[in-house]
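Read through the structure below, which is laid out as structure tokens, and then see the notes.
Computed from the coordinates by the stated procedures, all read-outs in this text should not be read as laboratory data. None of the values given here were measured: they were computed from a predicted structure. No Cβ is skipped: glycine too gets one built from the backbone with ideal geometry, and neighbour counts run over all protein chains shown.
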Amino acid sequence: MTARPVPPVVPGASPGRRSQGNLGAHRPMPLASPPGRPDVVYGFGRIDASGRVADRVTTAALGWRGGDRLTVTAEAGVMIARRDPGGMVTVPSRPYVVIPAALRPAGGDHVLLAAVPGQDTLAAYSFAVVDQALRAHTPVLTGEGRRP
């Protein structure tokens, strides 16, 4: 007896109604802002081999465009980019940020992005920094509170 694959079940947009085409094309996803902090927009990005990080949500929130100049600094696993007419880094035609090799986080290729449009600033946190913060504030991740 040969098993037949079961076709996937994709829920419709509303009960009793089937949606046609791309489900995400009808409405944009909301910006990733935490409750009570509409001034910060979060995203995740993957650093490619050239140091590029693309996250359309955060760059769109900042309004950065190709040709904008940025000043980029880093300290302890956190890279900060801010729009600055005298900056040394230029935003390419496709809006993404390039993290210079000397500033890329060691041992990881993903970053948590935090855009602060009111300050025209983007921060990229290495996952090592995110992990430290979570472990400092979450007993489950540190092993505290385990029951035998």
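Over all alpha-carbon pairs of the stretch 36-142, lay out the pair-distance distribution in 5 Å bins, whole %, shortest bin first.
Answer for the stretch 36-142: a P(r) of 2, 13, 23, 25, 19, 10, 5, 2, 1, 0 percent.
So how far apart, in nm, are the two label points at residue 90 and residue 60 if each is 7 Å from Cα heading toward Cβ?
Modelled inter-label distance: 2.6 nm.
Tally Lys/Arg at +1 and Asp/Glu at -1 over every other residue whose Cβ is under 13 Å from the Cβ of residue 64; what's the total? Kindly include the intermediate steps, with their values, before the conclusion.
Numbers: positive: 56, 65, 69, 82, 83, 94; negative: 55, 68, 84, 120.
That works out to +2.
Give me the net charge of residue 112's neighbourhood, meaning all other residues with Cβ under 12 Å from the Cβ of residue 112; Lys, Arg count +1, Asp, Glu -1.
Values: positive: 46; negative: 55, 131.
Combined, the nearby Lys, Arg, Asp and Glu give -1.
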